[in-house]
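Derivation of every value follows stated rules applied to the coordinates shown; laboratory data play no part. Everything quoted here is computed from the prediction, not taken from an experiment. Note: ideal-geometry Cβ built from the backbone for every residue, glycine included; neighbour counts use all protein chains shown.
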Amino acid sequence: MRAATDILEISPIIPVVVLDDAAHAVPLTQALQRGGIHTIEVTLRTPAALEAIERITGEVEGVTVGAGTITQPGQAKEAARAGAEYLVTPGSTDRLLDEVAETGLPALPGVSTVSEALRLAERGMRALKFFPAEPAGGVPYLKALSSPLPDLTFCPTGGITPDNAGRYLALPNVRCVGGSWLAPKEALGKGDWGHVEALARQAVSLG
């Protein structure tokens, strides 16, 4: 099993996807893979999410599948049963962290303050999600954290675009960023997997 810090090293961009139709899961993931991205975060925001994770893990080799937007009791275990290989939370309550830990899967817990980051560090967590990145202070905020918290690494998500991703990736405490632009709804609806592949290739070049 990968460590949480290893998850941050798979690709410079983690696609953060919302799937309304589980049938899109496999061709979307394959298009991202052709474009050079080997991980995907399927958010648990739709009824199709768990089936999508099952399909990807069952049909696509060489891609590490995460489950995101873990917020409710039971979701972490449901995602683990579906085949998720890592878990991502937008925030970090004690109950949620305990539930995630029970699965044994690596996790990227969400933080947006120094106190939250320190509390997770006390639990031995070193790889964190910074969310919502842009509203919470963006590049200047994360840059300021690198000196007092040198042992922590971050995956910023929330407001990340092709225009600002490079500035995040240039920070010493950022290993990758999460981006939703890699799976636009219009492309999913049309089955335009060539467009998704092109977006993936552009994203990889940012790192």
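For this structure, a couple of remarks:
- Matching residues in region 162-185 - criterion: being under 26 Å from Leu149 (Cβ atoms) and in a loop (DSSP other than H, G, I, E, B): Asn164, Ala170, Leu171, Pro172, Asn173, Arg175, Cys176
- Residue list for region 163-184, filter: without any contact (Cβ under 8 Å) to a residue 60 or more places away in the chain and not aliphatic (A, V, I, L, M): Asp163, Asn164, Gly166, Arg167, Tyr168, Pro172, Asn173, Trp181, Pro184
- Some residue of region 95-107 being in contact (Cβ under 8 Å) with a residue 12 or more places away in the chain, surrounded by fewer than 22 Cβ atoms within 10 Å (Cβ to Cβ), in a helix (DSSP H, G or I) and β-branched (Val, Ile, Thr): yes
- Among residues of region 98-122 being of a type outside the set (Val, Ile, Thr) and touching a Leu at 6+ places or on another chain (Cβ under 7 Å), the one that is nearest to Arg81 (Cα to Cα) is Leu105.
- Residue ID - surrounded by the fewest Cβ atoms within 10 Å (Cβ to Cβ), chosen from residues in region 117-130 that are without any contact (Cβ under 8 Å) to a residue 60 or more places away in the chain and within 14 Å of Leu145 (Cα to Cα): Leu118
- From the list Pro140, Pro172, Pro135, the lone residue that is exposed (fewer than 15 other Cβ atoms within 10 Å of the Cβ), farther than 16 Å from Gly35 by Cβ and over 20 Å from the mean Cα position of the chain (by Cα) is Pro140.
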